[in-house]
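Here is the structure we will look at.
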Amino acid sequence: MSVNFLLSETATGYALFEVIKAEEIGAKTQEVQESTQDLAKFGKFVKLKSFAPFKNAAHALENANDVSEGLVHEHLKAFLELNVPKPVKKVKSVIGVSDKNLAGSIMTELGDVECSAGELAQMLLRGVRYHGGKMLKQLQTGDMERAQLGLGHSYSRSKVKFNVNRSDNMIIQAIALVDQLDKDINTFSMRVREWYSWHFPELVRIVNDNRTFAKLAMVIRDKNSLNDERLHEIASHVDDDEAIAKSIIEAAKISMGQDISEADMENVITFAERVVKLADYRIRLHKYLVDKMAVVAPNLAELIGEIVGARLISHAGSLTNLSKYPASTIQILGAEKALFRALKTKGNTPKYGLIYHSSFIGRAGQKNKGRISRFLANKVSIVSRIDNFTDTPSTKFGEVLKRQVEERLQFYESGVAPTKNAVAMQEAMDSVLANVQVTPAVADSAAKKSKKDKKRKADDEAEDEEKPAKVSKKESKSKDKKEKKKEKKKEKHAK
């Protein structure tokens, strides 16, 4: 498709360029492509027809936002209607546009023009952007760069509404690190157990916790040094359980493990210290994640738990993305592979994804797991939207919806009817609004209502006054007609 005009959206305004000999340009694509770097050659193909600058920085930002969303601003519409010629013999002008969505919007708004975002239009617009500052003669040197810098900062600031306290990106990074630490700590702990068991194999059967085992390896070191005098020292590392401490000391006395050198023991203890530090950091990181979820998504954390809620946010990419998902998507979030495999093989689709790790699904019976997962996903979609769009974080909605899920579990078991959604949400709203002062709003509404009542009374009184007047007019007309009839009768009798 040949192009007659080119629309360039610059940081300073809209520019409309006229393409000279559009049919010849369409046939000489290679020649035009080579000339885009040379202004003298490119100027033979494209000439500036009109330029509409923006009024100010705010006006430029408003237009940039509309263009990015593929919408036609009133300023752009008026500019095109003024400068693009009307169709001649049903042949419409073709405007080259860089964005396909914007092209469709322009054709819808104007109606009598065609838009193209094809290869030829993109190639010509590339040359326009390259020589833009020189082809717009109204601009001085540096004006375009300054406008681009200012608009770029404003546009980015409007798109990235960053809140330091409510950054879900920190949650995504934290939950990813928690999962990685769990894997690493488990691997390293197995290595410590295997390594230290060459010296003290009985300790593995007595102590199951990885962190406790590593700490005991650091404290005991050489098993031959264990005696009854160290009972309280050992007990302090096993939650003050003297029975376990005694069994450790007794096992050390009859241990079948081999003796190892001091150098080997130092390596084992150094590695055990690293495992303990990682385990301690994992505990602190979990506490940080809990605190962060309480700020960013308090209702989601209250309903489904901090870890599962953080995994849902991480899998969706952000809390905003999660809030846009329907309940059916949230239900299988994390089970995409199983879903597509089931669709491909025409098998049964999965009933749950990441929400399977919630305690509610674990407590439900086997035949009710799918039902409770669907119900829980519905509540998760509600609280995620509340958390994303509310200005003041609160856990009231999460508490009420969590109680609803609990009642639903009881309903599956005993048949007791749960609380209705309208009642539950009204309860949550009342508890939230209890801490909000709404007196001024009530006063304003009362004042508005009184004004409306006064106006209505005045209108009613005016109508009442008008009605008798209308009636009197009708009566007078009827009297005139009767009198005329009587006069006609008298005239007939006289004749």
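Beta carbons within 10 angstrom, averaged per residue: use that to sort the peptides 418-428, 304-314, 9-19, highest first.
Working: 418-428: 14.4, 304-314: 23.9, 9-19: 21.1.
Per-residue Cβ counts within 10 Å, averaged per peptide and sorted highest first, yield 304-314, 9-19, 418-428.
List, in order, the whole-Hz ³J(HN,Hα) value for each residue of segment 291-303 obtained from phi through the Karplus relation with A = 6.51, B = -1.76, C = 1.60 and θ = phi - 60°; use x for Gly and Pro.
5, 5, 5, 5, 8, 7, 9, x, 5, 5, 5, 5, 6
Among 318-330, 220-232, what's the highest-first ranking by average C-beta atoms within 10 angstrom per residue?
Put in order of decreasing packing, that is 318-330, 220-232.
Starting from the Cα gyration tensor of segment 122-227, take the square roots of the eigenvalues, sort them a ≥ b ≥ c, and report rounded, prolate or oblate (rounded when a/c is under 1.5, otherwise prolate if a/b is larger than b/c, else oblate).
Working: a/c = 5.63, a/b = 4.24, b/c = 1.33.
Taking the square roots of the gyration eigenvalues as a ≥ b ≥ c, segment 122-227 is prolate.
Taking the Cβ-Cβ separation of residue 141 and residue 434 as r and a Förster radius of 60 Å, what is the calculated FRET efficiency to the nearest 0.05? Kindly include the intermediate steps, with their values, before the conclusion.
On the way: r = 62 Å, r/R0 = 1.04.
Here the calculated transfer efficiency is 0.45.
Would you please give the FRET efficiency between residue 225 and residue 167, computed as 1/(1 + (r/R0)^6) with r the Cβ-Cβ distance and R0 = 56 Å, to the nearest 0.05?
Numbers: r = 50 Å, r/R0 = 0.89.
After rounding to 0.05, the efficiency reads 0.65.
With the cut-off at 22 Å, tell me which of the pairs 369/396; 183/287; 44/89; 337/369 have Cα atoms farther apart than that. Don't skip to the answer; put the middle values down first.
Values: 369/396 26 Å; 183/287 18 Å; 44/89 27 Å; 337/369 20 Å.
Flagged as over cut-off: 369/396; 44/89.
Please find the FRET efficiency linking residue 130 to residue 356, where r is the Cβ-Cβ separation and R0 is fixed at 41 Å, and quote it to the nearest 0.05.
Efficiency, rounded to the nearest 0.05: 0.15.
What are the semi-axes of the equivalent ellipsoid of segment 5-159, taken as the square roots of 5 times the eigenvalues of the Cα gyration tensor, listed largest first and rounded to whole Å? Can you show the working numbers first?
Values: eigenvalues 118, 82, 36 Å².
The equivalent ellipsoid of segment 5-159 has semi-axes of 24, 20, 13 Å.
Taking just the C-alpha trace of segment 260-337, give me its Rg and Dmax in Å.
Taking only Cα atoms of segment 260-337, I get Rg and Dmax of 19.3, 62 Å.
Can you grab the distance from the C-alpha centre of segment 315-359 to the C-alpha centre of segment 199-260, Å, no decimals?
Measuring centre to centre over Cα atoms gives 46 Å.
What are the principal axis extents of the Cα atoms in segment 169-291, in Å, biggest first?
Its Cα atoms span 53, 30, 20 Å along the three principal axes.
Given axes a ≥ b ≥ c from the Cα gyration tensor, I'd like to know whether segment 297-433 is rounded (a/c under 1.5), prolate (a/b larger than b/c) or oblate. Walk me through the numbers on the way to the answer.
Details: a/c = 2.26, a/b = 1.25, b/c = 1.80.
In terms of gyration-tensor shape, oblate.
Once amide H atoms are built 1.01 Å from N in the peptide plane, which residues 5 or more positions from residue 115, or in another chain, come under 5 Å H to H?
When sequence neighbours closer than 5 places are left aside, the close amide H contacts are 95.
In segment 182-251, which chymotrypsin sites (Phe, Trp or Tyr not before Pro) are in a loop and have at most 16 other Cβ atoms within 10 Å, using DSSP for the loop call? Walk me through the numbers before you get to the answer.
Numbers: sites: 188, 195, 196, 198, 213; in loops: 198.
The qualifying sites are 198.
What does the highest-first list of 63-75, 131-143 look like by mean Cβ count within 10 Å?
Numbers: 63-75: 16.7, 131-143: 14.0.
Order by mean packing, descending: 63-75, 131-143.
Values quoted throughout were computed directly from the atomic coordinates according to the rules given, and no laboratory measurement underlies them. None of the values given here were measured: they were computed from a predicted structure. Cβ sites come from the backbone with ideal geometry, for glycine too, and all protein chains shown count toward neighbours.
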